[in-house]
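Notes follow the structure.
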Amino acid sequence: MAFASYQKIQRVMIEPTSRCHLACPMCARTAKGTTRKDLVLRELSKEDLEHIFETSFVNQLRQVQLNGNFGEPVASSQTLWFCEYLKKRKVPAIEVFTSGSLRTPDWWRELGGLLNQNNDLVRFSIYGLEDTNGIYRVNSNFEKIIDNAKTFIKAGGVAQWEFIVFDHNQHQIEKARDLARSLGFSGFAVKRSRRNKDNLKYKLTQTVNSNTRFADEEKYHRKYKNWSEYLKITPITCKYVDLSKIFIDFFGDLWPCTWFGFTPLAEPSSAFRSQTESLYQKYGRGFNSVLKNSLPEVLEHPWFNEELEDSWKAPGHRQCKRFDICSQLCGDAYEHTSGPGKNYKVERFNVPSSKK
Ligand SMILES: C[S@@+](CC[C@H](N)C(=O)[O-])C[C@H]1O[C@@H](n2cnc3c(N)ncnc32)[C@H](O)[C@@H]1O
Ligand code: SF4
């Protein structure tokens with residue numbers, strides 16, 4: 001059975017660039033406080049984006065998100081043009097994920113004029129206030145972020161403040177929420193990151209603030225002996241299949257989801273990396289390029305068409321050949337993602353009727 005048929009795709013997450021000016025310590029692009037040496041810095045060109053989002057494909061889409069694992073969408077020279085391109089083709093929902101501290105007021109004003117419908121959203125990921133955001137968002141400029149957000153909102157743009165809780169900012173959740181409301185953000189989301197589990201400086205001590213205890217780990221402890229058993233036997237329910245969604249990275253390679261898109265650059269010694277390397281050995285690099293091939297052609301590839309879905313089958317099934325990334329992200333008892341789900345709580349504010 002196919003992972004997704006071309007005609008049924010409704011949502012795309014695209015990573016317009018691998019460039020970013022921040023050095024968030026737990027970001028996949030950062031090593032030893034700076035950009036990884038092995039990260040290729042590039043962006044998808046206008047021609048690339050036109051090739052992928054050809055008119056008949058765009059017409060069937062319900063949502064396009066600009067995000068990814070390695071870059072800052074606002075750093076791409078094509079982002080304004082691309083949002084306008086999607087708007088002209090009437091994509092009902094366009095979302096941009098950003099740290100918020102790049103670009104000029106004019107740029108943000110223009111974006112605000114484009115992303116002004118209720119289903120559009122710029123997710124400003126601001127993890128604290130003036131004295132704390134920069135502890136994790138290294139190289140960011142809080143004052144500039146707030147100015148950019150204000151300009152965007154004043155121009156009509158719909159914005160949400162997204163706040164990952166750490167020990168160093170959890171006392172500021174209420175203040176940040178009040179500030180978000182007063183600045184005209186349409187909502188405020190509190191997120192719990194699973195990445196800070198073992199990191200001493202950027203940890204979240206779950207007992208300190210009950211607001212941050214979202215994920216329910218009881219089921220995991222009741223049902224499974226340990227983590228490696230969990231990866232081997234948990235039932236897998238693909239989150240992206242359920243949403244009819246795909247992910248395209250900054251090389252123009254198609255992946256079944258954003259998390260899978262991280263695996264080619266995961267720790268070289270990790271199972272994530274070696275499992276994806278085996279795919280490359282079998283099919284060659286570029287087997288999933290939607291720039292060298294068309295999107296329908298890549299979706300017809302045996303890996304997307306058959307093997308990926310087979311890999312999720314129950315252990316013992318002869319076609320079950322699991323990827324650890326699928327067990328980790330889409331297993332039944334552990335919520336890894338800090339996006340919408342158990343590690344994410346959003347409060348929506350009353351927004352002006354013009355944006356409804
Ligand atoms: C690599 S970022 C790309 C978008 C943009 N550059 C940004 O930083 O918001 C992808 C997502 O990861 C989130 N993120 C950053 N650090 C994180 C962490 N430690 N745990 C969970 N999510 C994190 C960001 O807020 C963003 O939503
Ligand atoms: S991690 Fe695997 S199962 Fe989960 S959304 Fe991605 S492809 Fe689907």
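Summary of values
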| item | result |
| --- | --- |
| Criterion (assigned to a loop (DSSP other than H, G, I, E, B) and either within 16 Å of ligand 2 (Cβ to nearest atom) or loosely packed, with under 14 Cβ neighbours inside 10 Å (or both)) met by exactly one of LYS225, LYS232 | LYS225 |
| Filtered residues of region 237-258 (kept if surrounded by fewer than 21 Cβ atoms within 10 Å (Cβ to Cβ) and within 13 Å of ligand 2 (Cβ to nearest atom)) | THR237, CYS238, LYS239, VAL241, ASP242, LEU243, SER244 |
| Residue in region 82-103 that is within 30 Å of PRO302 (Cβ to Cβ) and surrounded by fewer than 18 Cβ atoms within 10 Å (Cβ to Cβ) present | no |
| Residue tally, condition in contact with a Cys (Cβ under 7 Å, 6 or more places away or on another chain) and in a loop (DSSP other than H, G, I, E, B), over region 25-69 | 1 |
| Residue in region 308-328 that is within 16 Å of ligand 1 (Cβ to nearest atom), buried (at least 16 other Cβ atoms within 10 Å of the Cβ), among the hydrophobic types (A, V, I, L, M, F, W, C) and under 21 Å from THR237 (Cβ atoms) present | yes |
| Every residue from region 169-219 that is modelled with pLDDT of 55 or more and among the basic types (Lys, Arg) | LYS175, ARG177, ARG181, LYS191, ARG192, ARG194, ARG195, LYS201, LYS203, LYS219 |
| Identity of the residue in region 295-318, of a type outside the set (Asp, Glu) and free of Cβ contacts under 8 Å to residues at least 24 places away in the same chain, that ends up farthest from LEU231 (Cα to Cα) | HIS301 |
| Residue pairs meeting the criteria (Cβ under 9 Å; at least 6 apart or on separate chains; first among the polar types (S, T, N, Q), in region 21-44; second more than 12 Å from ligand 1 (Cβ to nearest atom)) | THR30/ARG36; THR35/LEU41 |
| The listed residue being in a helix (DSSP H, G or I) and at pLDDT 95 or above, out of LYS292, LYS282 | LYS282 |
| Cross-chain or 6+ apart pairs with Cβ under 9 Å, region 166-177 first and under 11 Å from GLU347 (Cβ atoms), then among the polar types (S, T, N, Q) | ILE173/ASN209; ILE173/ASN211; ILE173/THR212 |
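A quick yes/no check of all residues on (1) within 30 Å of PHE188 (Cβ to Cβ); (2) under 20 Å from the mean Cα position of the chain (by Cα):
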residue	(1), (2)
SER45	no, no
VAL74	yes, yes
PRO105	yes, no
ARG123	yes, yes
GLU130	yes, no
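The values are calculated or read from the model by the stated rules, or taken from the named source; none is laboratory data. Bear in mind the structure is a predicted one, so any value in this text is a computation, not a measurement. Heads up, the Cβs are rebuilt from the backbone with ideal geometry, glycines too, and the neighbour counts pull from every protein chain shown.
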